[in-house]
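Take a look at the structure set out below.
The values are calculated or read from the model by the stated rules, or taken from the named source; none is laboratory data. Treat the numbers as computed from the prediction; the structure is a model and nothing was measured. With ideal geometry, Cβ positions are generated from the backbone for all residues, glycine too; neighbour counts draw on all protein chains shown. Keep in mind that these areas ignore ligands, DNA and RNA; they rest on the heavy atoms of the full protein, side chains included. Shrake-Rupley method; radii C 1.70, N 1.55, O 1.52, S 1.80 Å.
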Amino acid sequence: MSKLLRPVVGSSLRELSLEREGRRRRMSSYDRTGGNKDFVIIRSGSAETIANIFGAGCITHIWTTMMTVHEEPWVLRKVVIRMYWDGEKSPSVEAPIGDFFGMGHGIIKNFWSAALCMSPQDGKGFNCFFPMPFSSEAKIEIRNECDNALSFYFFVDYEEYEKPNEKELRFHAWWNRENPCQGISDAEMSNEEYEFGGKNTSGQGNYLILEAEGKGQYVGCNLNVHNLRLTDKWNWYGEGDDMIFVDGEKWPPSLHGTGTEDYFNTAFCPQQEYNSPYHGIILGGGPNWSGKVTLYRYHIADPIMFEKSIQVTIEHGHNNHRSDDVSSTAYWYQREPHKEFRPLM
């Protein structure tokens, strides 16, 4: 039998013909009796470890779907996914499950990207293709904070190796929310001044997408905005510049953007829903940009490296004027240990 060495090939179409070492494995919720009850029951207020893998390996794909015994609001925000690598006590992944798989607001919708997608029927099939290497152990835990029991279906597809590749970093994901962001009142100013006025020359008060310490690379995020401003005036939620501070640099950071839609690779206050491998708009909002918006940007072809630390931020409206409900999930790789996450809000 060949040794199960860590492969050095990637996963592009051009590389599929190259010989690979390792063994493909899966953990799933199939009915061990041979019947059709292919799910696990997770009781209200409890957690279930759906995968606990020992040895060296790499998770290559996660699929899941779920239902509660009685449907209830906010299920996708009440179910939390956590992941732990190599026996660590603090999770490297912690997020509401809907947000982790690419879309916030506690809702689902068909969309696709290279890293994450929600598939038919009506976005109920969740998929993640981020590679997640580990040296000695991987654990995935699902916690149910719903009022009712949860029927949870899953695949965790992975490869096992004889020994790890020490150059590989560990996968991380973190969810954040500000509801509302700390903006300003529009009562004593014109709409033009509210949307475009003032200057931000420090980055203070920006919405925080990611704050990490160590050596690694940021590989993207999804961003969710619930427009809370009720007005018949021009009500665009954007104009927020992204500001990414690498290794403790001061303002202006070397990575300073020009507006919300620009960071997400779109233009001119878009509302058209659009999916591509690395960026897109899952929800475009209602009339006059009302309601809920979801955008994503995955730095798969252009990760942002850091040696000591990174802060990924974006203004909530120009000069942080707006007071919308904003949430996000950030994805990155880094060497352990990682900075412990603040409690989920």
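What's log10 of I(q)/I(0) for the range 215-264 at q = 0.13, 0.25, 0.33 Å⁻¹, Debye sum over Cα points only, no solvent? Summing over Cα pairs of the range 215-264 leads to -0.44, -1.06, -1.28. Between Glu166 and Tyr278, residue separation times 0.36 nm minus the direct Cα-Cα distance comes to 37.6 nm.
The alpha carbon centroids of the range 166-226 and the range 235-280 are separated by 10 Å. Largest first, the three principal axis extents of the alpha carbons in the range 151-246 are 66, 40, 17 Å in whole numbers. Listed by chain and number, the lysines whose alpha-carbon sits under 26 Å from that of Lys89, ignoring those within fewer than 8 places in the same chain, are Lys78, Lys139, Lys163, Lys167, Lys215, Lys308, Lys339. Residues whose amide H falls under 5 Å from that of Arg23, counting only those 5 or more places apart or on a different chain, are Glu160, with hydrogens built in the peptide plane.
Candidate cross-link partners of Lys199 among the lysines, defined by an alpha-carbon separation under 23 Å and a same-chain spacing of 8 or more, comprise Lys233, Lys250. Computed with a 1.4 Å probe over protein heavy atoms only, the accessible area of Ser136 comes to about 60 Å². Note on the chain: Rg/Rh from C-alpha atoms, Kirkwood Rh, equals 0.98. Note on the range 70-119 and the range 305-331: Cα centroid distance 19 Å, given to the nearest whole angstrom.
Taking 7 Å steps out from each Cα toward its Cβ at Glu72 and Arg23 produces label points 4.2 nm apart.
Multiplying the residue separation of Phe196 and Trp234 by 0.36 nm and subtracting their alpha-carbon distance yields 12.5 nm.
About the Cα centre, and with charges only on the beta carbon of Lys, Arg (+1) and Asp, Glu (-1), how big is the dipole of the range 78-237? Nearest 20 debye, please.
Using Cβ point charges on Lys, Arg, Asp and Glu, the range 78-237 gives about 120 debye.
The calculated 222 nm mean residue ellipticity attributable to helices in the chain amounts to -1000 deg cm²/dmol, summing -39500 (n - 2.57) over DSSP H runs of n ≥ 4 and dividing by all residues. Measuring only protein heavy atoms, the 1.4 Å probe finds Leu16 accessible over about 110 Å². At full extension, Glu336 and Thr258 could sit 24.8 nm farther apart than now, given 0.36 nm per residue minus the alpha carbon distance. Rolling a 1.4 Å probe across all protein chains gives Cys128 an accessible area of roughly 0 Å².
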